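**Q** Sharing a structure with you now.
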Amino acid sequence: MKDVVLKGRIVKREIIIYVVCLVVTYLLNIYAIATYDNTSWTELYEVWYAVLFVSLVLYGLTVLVRLILWGLWALVRPLVCRGRAQ
């Protein structure tokens, strides 16, 4: 069985993307707490499990969008590269 080797830059990029998703989710949580008057600021750290779940969902959506864009680029690339060769 072959080993799967991930390059360091790929791991670093994915960690950065997930941290951005986590920050966006916390900012959405802050916005929700500030918008609705009947919530307390303790919810910022009390609902860490919900923030974690939403950030994972957001990361999953970014993976899905990147896969779709990668697939579209794989379809378009031969057409673009053929035009440059001539």
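Values quoted throughout were computed directly from the atomic coordinates according to the rules given, and no laboratory measurement underlies them. For clarity, every value in this text was computed on a predicted model and none was experimentally measured. Virtual Cβ from ideal backbone geometry, glycine too; neighbours counted across all protein chains shown.
**Q** Every residue in the range 32-86 that is within 28 Å of Glu14 (Cβ to Cβ) and not in a helix (DSSP H, G or I), please.
**A** Val47
**Q** (1) surrounded by 10 or more Cβ atoms within 10 Å (Cβ to Cβ); (2) β-branched (Val, Ile, Thr); (3) assigned to a loop (DSSP other than H, G, I, E, B): which one isn't true of Val4, the others all being true?
**A** (1)
**Q** Do you know which residues across the range 1-44 are over 13 Å from the mean Cα position of the chain (by Cα) and acidic (Asp, Glu)?
**A** Scanning the range 1-44 gives Asp3, Asp37, Glu43.
**Q** Next up: Answer yes or no as to whether Ser55 is in contact with a helix residue (DSSP H, G or I) (Cβ under 7 Å, 6 or more places away or on another chain) and either surrounded by 13 or more Cβ atoms within 10 Å (Cβ to Cβ) or of a type outside the set (Lys, Arg) (or both).
**A** When the stated conditions are applied, Ser55 passes them.
**Q** Okay, next question. Could you give every pair whose Cβ atoms fall below 8 Å, whose first residue belongs to the range 1-24 and is closer than 20 Å to Val57 by Cβ, and whose second residue is β-branched (Val, Ile, Thr), counting only separations of at least 6 or pairs across chains?
**A** Close Cβ pairs (under 8 Å, with a partner that is β-branched (Val, Ile, Thr)) amount to Ile17/Thr62; Cys21/Thr62; Leu22/Val51.
**Q** Kindly indicate whether Asn29 is assigned to a helix (DSSP H, G or I), free of Cβ contacts under 8 Å to residues at least 24 places away in the same chain and among the polar types (S, T, N, Q).
**A** Criteria met by Asn29.
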